[in-house]
Amino acid sequence: MKLKKLIDGRLGIEMEGGFDRNDITISSIRNQLNSHGFALTVDGGGTDCYHDGYEWYTNSHDGIDIFSQLDNHLNEAFDVIDELNFKTNARYSGLHINISRYEGCTNTELFNIIHLFYGLEELIFSLIHPARKNNGMSGRLEQINYSKKDFLNDIFNSNVLEQEQLNLLQMMNEAGYNNKFNPLSFHKYQGTNCIEFRLFDAEPNNLIYYINMVQHILDISRNRTIYQIRKMIDKIKDKRTLKAKQLYFLKRIGFTSSEAKKVRDGIKK
């Protein structure tokens, strides 16, 4: 699948795992990553690699411009991690995608993103590795140890006029919702317009699927009303089988029929 470019903004990636190269030092690995525009830190683990428990990431606080830089940046990433024999373990190795529009999102768009993601959280998690569901660093909302039921009820029951008047970020802070370990995290949003999707597995072959998915989620938040999104969620839930729900969801957020089948059937689990 080809990388899509739907959002006028920036995107950064953080991928955890290990480097199975006993012939080079971690300093050499860091230097190679730096030369291609990436940085390295200690994180993750569980891969049994010679150099285990590291995270490579986009070496820019603001991420990479989606339209002008992302293609080349990702191609370089694939080349260098292949050369360094980068490996992952789905239970311990996560992929975090940080994405932001240059002009930010309106209050209504933020509401729409929350509606779409948490209204279909179980379905979205069914499209990634099962080990990510119960991961304490990015697991499903129900796995997090503090309650957000009242906050989500307020979100799901509010109308459009209320949404435009409410201070969504303040509500999230008061509800303890801005914790960075939420699968959909807004903890970086103020000052950067960045929304972080933390739920994905760090399998490099899935990276393009996941980047396209988060772009579609942001795109639909701008091009659909809250009523259309709620109706879409209800229709998806009415489908009888999980595969039918997955396919309908992917098509409705913007994938073509052939793309949706590739995402549903092709993601390595």
Considering Asp48, Asp23, which residue is surrounded by fewer than 17 Cβ atoms within 10 Å (Cβ to Cβ), at pLDDT below 95, farther than 26 Å from Gln215 by Cα and out of contact with any helix residue (DSSP H, G or I) (no Cβ under 7 Å at 6 or more places or on another chain)?
Asp48
Against the definition (within 14 Å of Leu184 (Cβ to Cβ), at pLDDT 65 or above, among the polar types (S, T, N, Q) and within 20 Å of the chain's Cα centre (by Cα)), how does Ser138 come out, yes or no?
yes
Check on Ile81, of a type outside the set (S, T, N, Q), at pLDDT 95 or above and surrounded by fewer than 16 Cβ atoms within 10 Å (Cβ to Cβ)
no
Identify, by number, the condition in (1) without any contact (Cβ under 8 Å) to a residue 60 or more places away in the chain; (2) in contact with a Phe, Trp or Tyr (Cβ under 6 Å, 6 or more places away or on another chain); (3) over 23 Å from Ile24 (Cβ atoms) that Ile97 doesn't meet.
(1)
If you take the residues in the range 193-239 that are among the hydroxyl-bearing types (Ser, Thr, Tyr) and surrounded by 17 or more Cβ atoms within 10 Å (Cβ to Cβ), which one is farthest from Gly104 (Cα to Cα)?
Tyr209
Filtering the range 13-41 down to residues that are among the β-branched types (Val, Ile, Thr) and more than 21 Å from Arg132 (Cβ to Cβ), which residue is nearest to the chain's Cα centre (by Cα)?
Ile29
From the option list Gly9, Gly18, single residue qualifying as under 21 Å from Arg198 (Cβ atoms), touching a Cys at 6+ places or on another chain (Cβ under 8 Å) and at pLDDT 95 or above is Gly18
Could you please let me know if Ile64 is β-branched (Val, Ile, Thr) and in contact with a helix residue (DSSP H, G or I) (Cβ under 7 Å, 6 or more places away or on another chain)?
yes
Taking the range 26-45 only, how many residues are under 20 Å from Phe197 (Cβ atoms) and either surrounded by 15 or more Cβ atoms within 10 Å (Cβ to Cβ) or among the small types (Gly, Ala, Ser) (or both)?
4
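The values are calculated or read from the model by the stated rules, or taken from the named source; none is laboratory data. Because the structure is predicted, anything quoted here is derived from the model rather than measured. A quick note on method: Cβ atoms are made from the backbone with ideal geometry, for glycine too, and the neighbour counts reach across all protein chains shown.
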